[in-house]
Each structure stands twice: as structure tokens, then as C-alpha cells.
Amino acid sequence: MAKRDYYEVLGVGKSASADDIKRAYRRMAMKYHPDKNPGNKEAEAKFKECAEAYEVLSDQEKRQRYDQFGQDGLRGAGMHDFSRMNVEDIFGMFGLDDLFGGMFGGGGRGGRGAAGGRTRAARGYDLETTVKLTLNDVAKGVEKTIEFTRQDVCSDCNGTACAAGTKPGVCHTCGGHGQVAKGGGFFQMVTTCPQCRGSGQIITTPCKSCGGTGHVPKKRVVNIKIPAGVHEGQGIRVGNEGEPGRNGGPRGDLYCYVRIEPHEFLQRDGNDLVAVVPISFSQAALGASIDVPSLDGTKQLKIPAGTQYGSVFRIKGQGLPDIRSGRSGDQLVQITIETPVKLSDQQEELLREFAKTENKTVSPKTARFFEKLKKNFGGN
Ligand SMILES: [Zn+2]
Ligand SMILES: [Zn+2]
């Protein structure tokens, strides 16, 4: 089966920095982690695919070979076969705690406790939420109160997961070592203990409040400042508001994704605002001062005599601020012309009088069009 492009797998560009790749991998690994998708084989496959992409793109030499020669360049480069590994081992190999280099080839595996298990500190999961904004919020920037649910340390057991007055016991499977030997003879393999997941300890009497996890879901309210000029779908990172870390690791982050509610009259085009405004054909012909909608109420706009259908008028500096420079876009007013319906007898008579006077000077475009038509196809 052909492998997907590694950059595509992690959703980064070819020129992504090491940091970008790290961040992308972390987010993907969180998203597809089996703990978050229990029993989902597809998520597990994606999780492994991401790990493989990360193994290559996080290694300067492998990345270079891959950029130059694609999959062929990686032959003999010392790749793991992730499809045959279990998720726990992959996560431990370069999970969040291990994201800072040196995880391959045996380096950087420091910090192993006396029990020999993988009990190092690990950063918590990132969380995602959305924040709804109006165009007026976008114009001025806004502070929003966000309410969401995240895991917090269980207050009954202080996160130990043990019922009051009890302590964790030694894991019988590994005898407290956190690792077990598999197979026999010469090719013995040491892997993380499946019972205690490497901690060497097991909870004998789980805390009832948190079901032995040490965490409980709690409502959390934070205020976040949203800068003027944000765009639909943009994510605002709020540091340290994600899920709690393991073994004393820091919390993950919260990503707030911007949703902008549609405006009754205005549409956004980059930093410009566009309003489509209908006028009558006599206003178009004679010129008029019309009311047009803007972000703060209505504005007067003078349109000249002879305004055409689709004409666009620009009101300078009345759009949205650019998120970086702060410079304001414009407001555009696009004119549509409504043909009169249900004429009174008097109006019809006036129009018929008017029609008799229509000629090249009154409607030059129409006149030119029909002249051309006659020349090409004949007729009257
Ligand atoms: Zn508890
Ligand atoms: Zn164990």
C-alpha cells in the first residue's frame, strides 16, 4: 500500500520548522490517541501513521533523505515498524514527555525511576473549544468568557486515585519493576508492564469519587482576549488550560477556534466589508443620497446620476482592521437596481412617454448592442 506523504499526515508545509512539526505531531497524537478513541481501529492506525511521519520529519537526516528521494531514501535508515508496535510503547517512545529530541537510538531516555518504569512527567492533553464572535467583535477586538469542561485533580484523593487511608500496592505482574520480559532464551525482550503501565504500582482500593483515575471532570471558566481582525477558523492558544499532565507534568493548552456569526447586511472579504444595496431605477438614473448599512448603524452614500447595476462604491477605512498591522480595510457598497413592478396607470403612462424618447444618448450601451446585433444577423 502506498504511504501517504508525511507532511500531509501531520498537516504541515514542506518548509515547516522543527517546532511546527513537534506541535503538529503533539496535536495529532492527542487527537488519535486510543485513550480518546477506545476501540477505534482507524484512530489507532492514524496514530501510528503520525508516529511514523514524526519519526522521519523530526530527524534532520531522515527528513533530508525523504525530501530528496521520498520513501526510497529511507531504506536502511533505521525506521521503526510502528504497525507491529503497541500504542503504549509508541507513546512512551516519543510521547509528549519525550518530544524534545534524542528519543531514538537509545539517547535521551533518562529520568527512569528506581522502579525502572516510564513514570516521567508528561504534558497533559490539549483541549479545543469554539468561541462565537460577531463582526463588531472582530472590528474592535473583544474579551470573551469561555466555559468548558476539563479534567481536574480529584480533591478527595488529591490525584493519588487511592481511597482515603489506602496506598497503592506493588504490582504483582512485574514485582514493582515496571517492566516484564517477553520470550525466552537469547532473544528476550523487555517491555513495559501491561498491568501497571510501567509505574510498578497498582491501585488496590480505588477512590470512589474519581473511579481510581485521580481526575474528575470540572467546569472551568476563563476570560480570553481576542484581538481585532481575527478570521474564521483561527485558533487562539490559551496556555496551561488543557488537561492535567501525568506524574507532575504541566497541563496541556486550550485552543479556542473562532466562529464568526453571519451579519444581516455585511459580508466579509478579507479585511473589507461588502454590502449589497438595491436602489430604484429612477435613483440610478437621476443620482441619489441613499442609506447604506455599516458596522455602526446606517451611513449616507451619494451615488451619481447614471449609476449602473453592479457598480461598487468604496468607503475608505470603514472595513475591519488587519490582525497584524491594524490598518483598516474598506467598506464596499455594491448596487443592484430593481425594475419597478405593479405600475399605476399614471406611472405606466409616464414610462411610455419616456420610452418614446429613449435613444443613443439616453442608453448608449443598449443602442450599441442592438446595432451590432442588426449588423450581424440582419432584422429590423
Ligand atoms: Zn479521587
Ligand atoms: Zn507492573
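No value in this document is a laboratory result; all are computed from the given coordinates. Owing to the predicted nature of the structure, the values given are computational and were not obtained by experimental measurement. So basically every Cβ, Gly included, is an ideal-geometry build from the backbone, and we count neighbours across all protein chains shown.
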Worksheet item: If the chain between SER83 and ASP19 were fully stretched, how many nm would it gain, using 0.36 nm times the residue separation less the Cα-Cα distance?
Response: 20.5 nm
Worksheet item: Which three lengths, in whole Å and largest first, does segment 171-263 cover when its Cα atoms are put on their principal axes?
Response: 71, 37, 22
Discussion item. Taking only the Cα atoms of segment 1-80, how large is their convex hull per residue, in Å³?
Written reply: 89
Discussion item. Given R₀ = 45 Å, what would the calculated FRET efficiency be for GLU358 paired with LYS140, taking r from the Cβ atoms and rounding to 0.05?
Written reply: 0.35
Worksheet item: If you place +1 on the Cβ of every Lys and Arg, -1 on the Cβ of every Asp and Glu, and leave all else neutral, what size is the dipole of segment 285-374 about its Cα centre, to the nearest 20 Debye?
Response: 540
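Assign unit charges at the C-beta atoms only (+1 for Lys and Arg, -1 for Asp and Glu), then state the dipole size of the chain relative to its Cα centre in Debye, rounded to the nearest 20.
On the way: 54 positive and 45 negative charges, 124 e Å.
Here the chain has a charge dipole of around 600 debye.
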Worksheet item: Which of rounded, prolate, oblate describes segment 248-348, given a ≥ b ≥ c as roots of the alpha-carbon gyration tensor eigenvalues and a/c under 1.5 marking rounded, otherwise prolate only if a/b is larger than b/c?
Response: prolate
Worksheet entry | Gain upon complete extension [PHE69, ARG237; 0.36 nm per residue less C-alpha separation] | 56.9 nm
Practice prompt. Compute the label zone of PHE265 within segment 275-292: residues whose backbone N is under 16 Å from the point 7 Å along Cα-to-Cβ.
Written response: 275-280, 289-292
Practice prompt. Would you mind ranking PHE313, PHE265 by Cβ crowding within 10 Å, fewest neighbours first?
Written response: PHE265, PHE313
Discussion item. If the reach is capped at under 14 angstrom between alpha carbons, list the aspartates and glutamates near LYS208, excluding any in the same chain fewer than eight residues apart.
Written reply: ASP156
Worksheet item: How big is the Rg/Rh ratio for the chain, C-alpha atoms only, Rh by Kirkwood, two decimals?
Response: 1.22
Worksheet item: What is the Cα centroid distance between segment 255-315 and segment 192-230, reported in whole angstrom?
Response: 51
Item to complete: Determine which aspartates and glutamates satisfy two conditions relative to LYS375: a Cα distance under 14 Å, and not lying fewer than 8 residues away in the same chain.
Response: none
Worksheet, complete the sentence: Computed, not fitted: 222 nm per-residue ellipticity of the chain from DSSP H runs ≥ 4 (each -39500 (n - 2.57)), nearest 500, equal to -7500 deg cm²/dmol
Discussion item. Relative contact order of the chain, please, whole-number percent, based on alpha carbon pairs below 8 angstrom and at least 6 residues apart.
Written reply: 13
Worksheet entry | Across the chain: Cys residues that no other cysteine approaches within a C-beta distance under 4.7 Å | CYS50, CYS162, CYS256
Fill in: Total formal charge among the other residues, if their Cβ is under 12 angstrom from that of SER15, Lys/Arg +1 and Asp/Glu -1
0
Item to complete: May I ask you to list the aspartates and glutamates whose Cα is less than 18 Å away from that of LYS299, ignoring any residue fewer than eight positions away on the same chain?
Response: GLU264, ASP272, ASP291, ASP330
Worksheet item: GNM on the chain, C-alpha springs below 10 Å: top fluctuator among VAL138, VAL312, VAL230?
Response: VAL312
Worksheet item: Around ASP291, what is the net charge, scoring Lys/Arg as +1 and Asp/Glu as -1 over all other residues with Cβ under 15 Å from its Cβ?
Response: 0
Worksheet item: Once you list every other residue whose beta carbon is under 12 Å from the beta carbon of LYS3, what net charge do they have if Lys and Arg are +1 and Asp and Glu are -1?
Response: -3
